Amino acid sequence: DNGYIETLPPFKRKRWFPGWNTIHIHHEDLGSIDRESRNTVIQGTAADMTKYAMVLIKNYIETNNLHDRVKLIFQLHDATLTSFRQDIFPEWPNIHNALMEEAANFCIPGNLVKGDLSVTDVWTK
């Protein structure tokens, strides 16, 4: 109705669809806008959660002076990767997972989104 779609609160980022209401828009373009708008809510909100989780993880590492024991490596889609020393195992994976779930609960309250944690010596899918 407004020419844009939003991710879920609290971030509510907008994705605009220029020309969505013009008289000359093709049926195929409307179908594309429909698919993209539905996908934006799902994937965009997942991205919001993951970005917020990265902030929580970074802040936790700094607040608890873990710079020499835990490294935030990167995020990919809705996953974050950290590297940690053996002496912080098994505490760190549980903390990492709890921070991911905290970020998810911030966007979708009710503890509906649960973390899926794996610990490996090598990167895996």
**Prompt:** Within the stretch 6-125, which strands (runs of 3 or more DSSP E) (wholly inside it) include 2 or more residues that are among the charged types (D, E, K, R)?
**Reply:** 14-16
**Asked** Pairs, please: C-beta under 6 Å, at least 6 apart or cross-chain, first residue under 23 Å from residue 83 (Cα atoms) and in the stretch 104-121, second in a loop (DSSP other than H, G, I, E, B) and open to solvent by 50 Å² or more (accessible area, probe 1.4 Å)?
**Response** 104/113
**Message:** Taking the conditions exactly as written (under 15 Å from the mean Cα position of the chain (by Cα) and without any contact (Cβ under 8 Å) to a residue 60 or more places away in the chain), does residue 66 satisfy them or not?
**Reply:** no
**Asked** Which of the residues belonging to the stretch 76-125 are within 18 Å of residue 45 (Cβ to Cβ), polar (S, T, N, Q) and out of contact with any strand residue (DSSP E or B) (no Cβ under 9 Å at 6 or more places or on another chain)?
**Response** 105, 111
**Message:** Return the residues of the stretch 103-117 that are under 11 Å from the mean Cα position of the chain (by Cα) and of a type in the set (Gly, Ala, Ser); say none if nothing qualifies.
**Reply:** 103, 104
**Every pair of residues 6+ apart whose Cβ atoms lie under 8 Å, when the first sits in the stretch 3-21 and is at pLDDT below 90 and open to solvent by 100 Å² or more (accessible area, probe 1.4 Å) while the second is in a loop (DSSP other than H, G, I, E, B) and of a type in the set (Gly, Ala, Ser)** = 18/3; 21/3
**Fill in**
residue 55 vs (1) under 12 Å from the mean Cα position of the chain (by Cα); (2) modelled with pLDDT under 90; (3) within 30 Å of residue 2 (Cβ to Cβ): all pass except (2)
**Request:** Give 59, 111 a once-over and let me know the one that is polar (S, T, N, Q) and open to solvent by less than 80 Å² (accessible area, probe 1.4 Å).
**Result:** 59
**residue 72 vs. criteria open to solvent by 40 Å² or more (accessible area, probe 1.4 Å), under 26 Å from residue 116 (Cα atoms) and among the aliphatic types (A, V, I, L, M)** = yes
**Prompt:** Is it the case that the stretch 44-55 has a residue that's over 19 Å from residue 102 (Cβ atoms) and either free of Cβ contacts under 8 Å to residues at least 40 places away in the same chain or open to solvent by 70 Å² or more (accessible area, probe 1.4 Å) (or both)?
**Reply:** yes
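The values are calculated or read from the model by the stated rules, or taken from the named source; none is laboratory data. Since we're looking at a predicted model, the values are computed, not measured. So basically every Cβ, Gly included, is an ideal-geometry build from the backbone, and we count neighbours across all protein chains shown. With ligands, DNA and RNA removed, areas are computed over all heavy atoms of the protein, side chains included. Shrake-Rupley method; radii C 1.70, N 1.55, O 1.52, S 1.80 Å.
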